[in-house]
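See below for the structure under consideration.
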Amino acid sequence: MNTERLTVVDRNDRPIGVAPRQWIHRRGLRHRSVHVLVFDPAGRILLQKRARNKDENPGLWDTSAAGHVAAGERYVQAARRELAEELGIRPQAPLRRVFRIPASAATGWEFCAVYRVLHCGAIRPDPSEIERVQWFTAADIGRWVDADVSELTLAFKAIWRIYRTQRSHPGVEIPDAPA
């Protein structure tokens, strides 16, 4: 049984309590998550196909690494932890937070802090979390997202749409949240 404890937050991402993950999800309470986009030097992005035994979005393609921010943990700490746990990646350089998505139905009521990292080393996917990983071009992902295919998680589609807009309009300011 999952005993993960998460911080419950208000509509402004301010902590208001701590509760078990499943309780939070059953009640649709706001909480925090991280998503990390892993790129290679050629500009391709690594996606993970979630394991079929996952209780949420089983068998769907998702960001390179993603997960909840544990109670008492900072967003960036969770991002580094998820990279290590899911993909065996321990970057030496600081992770770059690129934007944040407010909590909504599409994100499972999670405030999502999105990071990116360049990686050219080994990848060791955790088979209990990930069925497989694969590198994709931005154009391939864009076509997939534009077609609104059901093989992608809703959160990843939302993230990619914002990321693509931000990349094509670099002067656009994307709202951010506390680290």
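Values in this text are rule-based calculations from the coordinates and carry no lab data. For clarity, every value in this text was computed on a predicted model and none was experimentally measured. Neighbour counts run over all protein chains shown; Cβ positions are idealised from the backbone, glycine included.
Can you list residues whose amide H is under 5 Å from residue 6's amide H, if they're 5+ apart or on another chain and H is modeled 1.01 Å from N?
19, 21, 71
If only Cα atoms are counted, what is the Rg of the chain, and what is its Dmax, in Å?
When restricted to the Cα atoms of the chain, Rg and Dmax are 15.4, 45 Å.
Which residues in the range 41-56 have a backbone N closer than 12 Å to a point placed 7 Å from the Cα of residue 138 along the Cα-to-Cβ line?
Hits in the range 41-56 for residue 138 at 12 Å: 42-45.
For the range 20-117, what is the convex hull volume of its Cα atoms per residue in Å³?
106 Å³
Output the relative contact order of the range 52-179, whole-number percent, from Cα pairs under 8 angstrom with separation of 6+ residues.
Rounded, it is 28 percent for the range 52-179.
Could you calculate the contour length gain from residue 23 to residue 128, that is, 0.36 nm times the residue separation minus the distance between their Cα atoms, to one decimal place in nm?
35.6 nm
At most 12 other Cβ atoms within 10 Å and a DSSP loop assignment: could you name the GluC sites (Glu not before Pro) in the range 107-157 that fit? Intermediate results must be reported in sequence, preceding the final value.
Numbers: sites: 110, 129, 131, 151; in loops: 129, 151.
Filter output for the range 107-157: 151.
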